[in-house]
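For reference, the structure discussed in these notes is given below.
The values are calculated or read from the model by the stated rules, or taken from the named source; none is laboratory data. Everything numeric here is computed off the predicted structure, so don't read it as measured data. FYI the Cβ positions are ideal-geometry reconstructions off the backbone, even for glycines, and counts take in every protein chain you see.
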Amino acid sequence: MGRPEKIFYAVILRSSRSTRKMRISLGLLRSDVMLETKCKNNPRAYSSWKQVEVNTIASGFGHLGPASKAVQSFVMRELGHADKIKNMPDNNALSGICDGMIKSWELYGNPGAVILFIVEVITYNICDQRFHEFYIRDQCPKVQVLRRTLTQVFKEGKLGSNKELLLGEHEVAVIYFRAGYEPAHYPSQDEWDARYMMECSRAIKCPSIHYHLAGTKKVQQALAQPAMLERFLNDPEQVKTVKEIFTGLYALDDTEAGNAAYEMALQEPERFVLKPQREGGGNNIYGVDIPDALRKMNRVERAAWILMDLIQPPISKGYMIRPDNKYAPELVDLVSELGIFGVIIGDVDNIICNYQAGHMLRTKLSTANEGGVAAGLGALDSPYLLD
C-alpha cells in the first residue's frame, strides 16, 4: 500500500474516532461469493460457496442486476425458450435497496429533508445509479434526491445548530456514498473536510464511517480468525455456517504467523491472491506476480495487505457479448461471481430492519483474474437454477 492509501485510511480512522456517538446507520451491503469446486469442468460438482469480499460502500448494480434478468428473459422468449424463464429467480435488488433509503429518510423525521447521493466528478456507471433515484422519486415523490461531489459538498455545505447537514436551502436526511472509497476521490483537503463534516452531522450515512472501515480486507481477515465470530454470534451452528464460507485469509504483518504466510506466498504463489485495502476493482495481485510484489515491500508496507486462498470455481460454457466482438460471439469458458445484497438499519443498541435485497451476477472469461464490469473485464449475467 503506497503513501496515499496510508493517508486515506489514517484520516478515515481519525473521523471514526471523532464520531463515536452512534446514531442510526444505513448499510446497503453486497456479499460477493463464488462456488468452489474440485472438478472445474463440472458446474454441478462443487463443495461450497466461498466469500470473495463484502462491500459496504458504493455496492453497485442494484438496478443493472434486475435489468439483466429482463434482457435475458426477452432473449429466451425470442428464441422459443419461454418455459425456461421460471428457472431464473426473482431479483428485486433495486426496490430492496431503495426501500432501505426511503425507510431511513422516514426515520430521520423531517418530511422536507432530502436524500444526497455523493458521486464522482465523472460517473461511468451513472445508468445504474440514476435508476435508484428514479425509483425513489416514483415511490415517494415528495423525497427530493440531490447529486453532489465531495468538492461541491465542501463549497455548499455547513452544519446547523443541531448538527443537521445543510446544503444551501436543503437539509439532508440520508447520505448515500457512491464515491469516497478511494484516495483519488480526495484530491485536496477540501474533500477530506467535506467527509468529516458529513460524518459529524446527524444525517443518516450509507455507509457510516464505521461501516466503511468494516468493509476493509483487514477486517474480513480478522473475522476469519479462531474464536472471533463467537464475539458476535451466540449460536454455534450460525458460527459454523458462517465459517464455512470463509476462504483461507492470512495476515502478512511482522509476526510469526505473518512471516509464515509471507514465505508460503513466495513458495506457492499460484494458490493465492494478494489484496490491498482498496475498493473499485483492479487492485489485486495474482499468482506468479505475487513474489515480486512482496519482495518490493518492506515489513511495514506488507502488513497493509492480506493474503487470500484463490477460489477455484467451476467452468461453464457460454457466449459473452462485448464491444470488441468483431464477428459473432464465440463459445468460451466462463466463471461467475454472485453478489447478494443486504439492507440493515440500526444503531449501536437496536436493529430496525435487516433483510436480503436481491442479487447480481458477474461472468468473466475463465482466464481473467479481475472481473469488474465497469472496468470492462466482465459482463452482467443472471442465475439459472437447476435441480
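Take Leu223 and tell me if it is over 15 Å from Val114 (Cβ atoms) and either touching a residue at least 60 places away in the same chain (Cβ under 8 Å) or over 20 Å from the mean Cα position of the chain (by Cα) (or both). Before you say what the answer is, go through the steps one by one.
On the way: over 15 Å from Val114 (Cβ atoms): yes; either touching a residue at least 60 places away in the same chain (Cβ under 8 Å) or over 20 Å from the mean Cα position of the chain (by Cα) (or both): no.
No; evaluated as a whole, the condition is false for this residue.
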Restricted to segment 309-344, and to residues that are within 17 Å of the chain's Cα centre (by Cα) and among the aliphatic types (A, V, I, L, M), which residue is farthest from Gly96 (Cα to Cα)? Leu338
Ala368, sole failed condition from (1) within 25 Å of Ile85 (Cβ to Cβ); (2) in a loop (DSSP other than H, G, I, E, B): (1)
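For the subset of segment 188-200 comprising residues that are outside any loop (DSSP other than H, G, I, E, B) and free of Cβ contacts under 8 Å to residues at least 40 places away in the same chain, which member is surrounded by the most Cβ atoms within 10 Å (Cβ to Cβ)? Lay out the reasoning, then the answer.
Of segment 188-200, the ones outside any loop (DSSP other than H, G, I, E, B) are 189-200.
If we keep only those that are free of Cβ contacts under 8 Å to residues at least 40 places away in the same chain as well, we get 189, 193.
Numbers: Gln189: 10, Asp193: 15.
In this case the residue turns out to be Asp193.
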Qualifying positions in segment 146-193 - over 21 Å from Val114 (Cα atoms), at pLDDT 95 or above and aromatic (Phe, Trp, Tyr): Tyr186, Trp192
Within segment 362-371, which residues are at pLDDT below 85 and buried (at least 16 other Cβ atoms within 10 Å of the Cβ)? Gly371
Restricting to segment 273-295, name every residue that is touching a strand residue (DSSP E or B) at 6+ places or on another chain (Cβ under 9 Å) and among the hydrophobic types (A, V, I, L, M, F, W, C). Val273, Leu274, Ile285, Ile290, Ala293, Leu294
Given Leu146, Leu229, Leu159, Leu213, which one is under 22 Å from Leu28 (Cβ atoms), surrounded by 14 or more Cβ atoms within 10 Å (Cβ to Cβ) and without any contact (Cβ under 8 Å) to a residue 60 or more places away in the chain? Leu146
Considering each residue of segment 251-272, count those that are under 19 Å from Met34 (Cα atoms) and either out of contact with any strand residue (DSSP E or B) (no Cβ under 7 Å at 6 or more places or on another chain) or modelled with pLDDT under 95 (or both), and give that number. 1
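Answer with yes or no whether Gln225 is part of a loop (DSSP other than H, G, I, E, B) and either in contact with a Phe, Trp or Tyr (Cβ under 7 Å, 6 or more places away or on another chain) or at pLDDT below 95 (or both).
It is true that Gln225 is part of a loop (DSSP other than H, G, I, E, B) and either in contact with a Phe, Trp or Tyr (Cβ under 7 Å, 6 or more places away or on another chain) or at pLDDT below 95 (or both).
Each row is one residue, and each column tells you yes or no for (1) more than 19 Å from the chain's Cα centre (by Cα); (2) surrounded by 16 or more Cβ atoms within 10 Å (Cβ to Cβ).
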residue: Gln129; (1), (2): no, yes
residue: Lys142; (1), (2): yes, no
residue: Gly168; (1), (2): yes, no
residue: Glu182; (1), (2): no, yes
residue: Tyr186; (1), (2): yes, yes
residue: Arg202; (1), (2): yes, yes
